[in-house]
1. Give B:GLU243, B:GLU254, B:GLU264 a once-over and let me know the one that is acidic (Asp, Glu), within 14 Å of another protein chain (Cβ to nearest Cβ) and open to solvent by 40 Å² or more (accessible area, probe 1.4 Å).
2. Which ones in region B:452-468 are touching a strand residue (DSSP E or B) at 6+ places or on another chain (Cβ under 6 Å) and open to solvent by less than 40 Å² (accessible area, probe 1.4 Å)?
3. Whether any residue in region B:439-451 is on the phi > 0 side of the Ramachandran plot, surrounded by 18 or more Cβ atoms within 10 Å (Cβ to Cβ) and not basic (Lys, Arg) is what I want to check.
4. Spot the failing condition for A:ILE66; the list is (1) free of Cβ contacts under 8 Å to residues at least 24 places away in the same chain; (2) within 14 Å of another protein chain (Cβ to nearest Cβ), and only one is missed.
5. Could you identify the single residue in B:GLN101, B:GLN139, B:GLN96 that is modelled with pLDDT of 85 or more, open to solvent by 40 Å² or more (accessible area, probe 1.4 Å), touching a helix residue (DSSP H, G or I) at 6+ places or on another chain (Cβ under 8 Å) and assigned to a helix (DSSP H, G or I)?
6. Return the residues of region A:41-78 that are surrounded by fewer than 22 Cβ atoms within 10 Å (Cβ to Cβ), small (Gly, Ala, Ser) and in a helix (DSSP H, G or I); say none if nothing qualifies.
7. Report whether or not A:VAL144 is closer than 20 Å to A:GLY13 by Cα and open to solvent by 50 Å² or more (accessible area, probe 1.4 Å).
8. Out of all the residues in region B:260-293, which are of a type in the set (Ser, Thr, Tyr), farther than 14 Å from B:VAL310 by Cα and over 24 Å from the mean Cα position of the chain (by Cα)?
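The values are calculated or read from the model by the stated rules, or taken from the named source; none is laboratory data. In this text, all values refer to a predicted model and were calculated from it rather than measured experimentally. Positions of Cβ are backbone-derived with ideal geometry, glycine not excepted, and every protein chain shown enters the neighbour counts. Side chains included, ligands, DNA and RNA excluded: accessible areas come from the protein's heavy atoms. Shrake-Rupley method; radii C 1.70, N 1.55, O 1.52, S 1.80 Å.
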Amino acid sequence: MLSRVADNLFWMGRYLERSEHLSRYINVNYFSSLDAPNELSQSRQFVFQSMLALVSDYTRQSDKDIVESEVLYDLCLNKEKVYSIYNNVSNARKNASGVRDIISTELYESINSFYHRITNYSKENLVNYDLYSFTTEVINTTGVLREKIQGSLINNDVYAVIMLGVYIERAYQISNIITCKYVDAQVAKTSHGNAVDTSYEWSTLLKSVQSYDMMRSYYRKTPSELNTLEFLILNPDCPRSITNSLIEINKHIKTLNSCAEKNPESAEFYIGKTLSEYQYKTIDDIEKNIGEAVNNISDSLNIIQEKLNTEFFNY
Amino acid sequence: MDKESHIFSCYAKEAGFYDEIFDENDNVRAIYKSLFDRFKENSALDFDILDKRAKSSFLNQGITFQVYKEDQMKEQIFPFDLFPRIITAKEWEHIQAGVLQRNKALNLYLWDIYHDKNIINDGIVPISLVETSASYLKQMQGFNPPEGIYNHICGTDLIKHSDGEYYVLEDNIRCPSGVSYVIGNREALKRTLFGIFNGHSVRSVSNYSENLLEVLESVKPQGVDIPCCVVLTPGVYNSAYYEHSFLAKSMGVELVEGRDLFVENDFLYMKTIKGPQRIDVVYRRIDDDFIDPETFNKDSVLGVAGLMSVYLKGNLTLINAPGTGVADDKAIYTYMPQIIKYYLDEKPILKNVKTYHCSDANDLKYVIKNIANLVIKPVDESGGYGVLIGNKLTQEEIDAAIKNIKQDPRKYIAQPIMALSTHATYIEEEGGFSPRHVDLRTYTLLGKDKSYVLKGGLTRVALQKGNLIVNSSQGGGSKDTWVLKK
């Protein structure tokens, strides 16, 4: 496989996965805030700041007034905003176009028609009454596309590279969403005092990564800071956890590396090491310094990405 | 327009042109009888629906091309007409023999002018036409391309004149495009109107890529056992990118860009995730000028530095060979009957359009005098750019054209205005079928001990009423083209 082709496949996977997470984050946070339990969480300003913080290096300022229709347009359809769902889908399609001779016709057609639907979406409808159906459509379509990836490609290196992109992006998104909601909970505590019940923010975090129901059935407890983080970072069986993503990343990198010799500098070696670290970590280790623990996740992902770049995508 | 009315009710034949559907007495020609009966049952409303369905099929499949309009790139569907063009078995036999003959002669001509130049020494073709051609590559002089083949892939453009005969308009032997639309059109017609295939035995067009791969492999460099073939594309922003990816996918070979390739120790490699892999045959969809910044255009980022030296050392086959443009130039076209006679000792099977060379003093005189009845074409432009149709020009335009021709006569040829036949084409604004001018591009492959003509072709339609230029860049559409088995 060409290195450029591998790069295109990888980023196609990443952008598709990113569109899904962003859509769900907007959807869950916006709609749950409408009847949130405390004033702060109900405040649209607070919610939009959290959304902007997820997609950009936005710094939260309490005095800044965010216009709802503008921010929703920016996040969903604005072609000028690199982070918009439009641009994520458009980038996924650009990358798919670069490899359309490699991927299945059905997969390409689905991505292509998805792009045309997003392109033709009306701004007025979106900001006035279509936010729910727009974000739901993106979530559903990305799900269908993942099925097409899994169901219409031979499970060889092409498939492995796409899935590497999907799972690396998933790990990044979960870690970023954890950071955002962790900050939200901190802000809630600061403004309402420690007595405030932050379980609302943890529930929203779980819903933002489609893990609320799974978590409830697993713990049978109200989400708290620690059980939520334990579930989303360490649970190997939750398909939306960091550890589960690392298990998948590890599986797919092995398809690409047929070399029997161990190379401590390789991506494969580093991925295996990182996975072991999370497999043998406990929530007590994380609790000591939650902020740092979450930062460490992104640092490890950055190193994995760099190693993949030099080893496979160098063209 | 009443949407329920008969969709052929507004069909007004153009005088002086051969209409492919109706004969001179306005009766439907026999081969179109059953199709015509079938189509006329539909109302314009039915047709609008079918038309939209075909369009969205193209858009979703990503069978589009990009054009610059109002300073930005726009994605467009190549307009597709649902009424297929039919070519009878007998007509096809004639066309097929004719295009093969031309392309074999062109190949021998290319060998000759890059070797001993006998045809020039014998005074058949003037040396000035070769030496002054911008497409003549001195690097190719004395070089033997693998298996002696230059023009592996040729697109020959034909028209049906008012006398009902086919004439060749031009030979395209650089990077002829459009073949994916032949296959895409067939696919779209099957999806939209499968019933109309009943009662016709139409030849398949789906085996083109298999034959293409065989041709690529047959001209591998010496000493290579199983060649690694690739398609080289300028990239996703090229207007023909769909075609490039289609060809690579259907042959099962890698689609590469210049940045995927590099030259080392006189071999060409592509960069893969498992290290460099050697390439033996490149079907390049990049013009000569851009394939190698070391040899040609220094600013080209599309090609590969050193590619020509690998080729000239015999370690690589390029499809088509560099320098073929010297033979498909519109000035050489006029010598085709002599070229065929010289190399094959045969009479040309297909007719050539009478051509006047502005470089010849007598011809120039004639052209200037009769410009209103001629088509003026720049010799080294393609895509219909720069073509002037005499009877459509204003006096100022005529004056300007004459001035340009006088300044650089070698740059222009002139031909009588050919009467491209018309074919029934669905025109949305008119709510029915109208005659529109069509041509036909055929695709011929030449390999070692192998030749092949795609049994079908691209029927291009000029969608504007009365327009004679069919190129897609000039707003042309296309039709599925049926070659009948008997």
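1. B:GLU254
2. Result: B:TYR452, B:VAL453, B:LEU454, B:GLY456, B:GLY457, B:LEU458, B:THR459, B:ARG460, B:VAL461, B:ALA462, B:LEU468.
3. No - not one qualifying residue is present in region B:439-451.
4. Of the numbered conditions (1) free of Cβ contacts under 8 Å to residues at least 24 places away in the same chain; (2) within 14 Å of another protein chain (Cβ to nearest Cβ), the odd one out for A:ILE66 is (2).
5. Going through B:GLN101, B:GLN139, B:GLN96 in turn, the sole match is B:GLN139.
6. A:ALA53, A:SER69
7. Against the criterion (closer than 20 Å to A:GLY13 by Cα and open to solvent by 50 Å² or more (accessible area, probe 1.4 Å)), A:VAL144 qualifies.
8. If the condition is that a residue be of a type in the set (Ser, Thr, Tyr), farther than 14 Å from B:VAL310 by Cα and over 24 Å from the mean Cα position of the chain (by Cα), then B:THR272 is the only one that fits.
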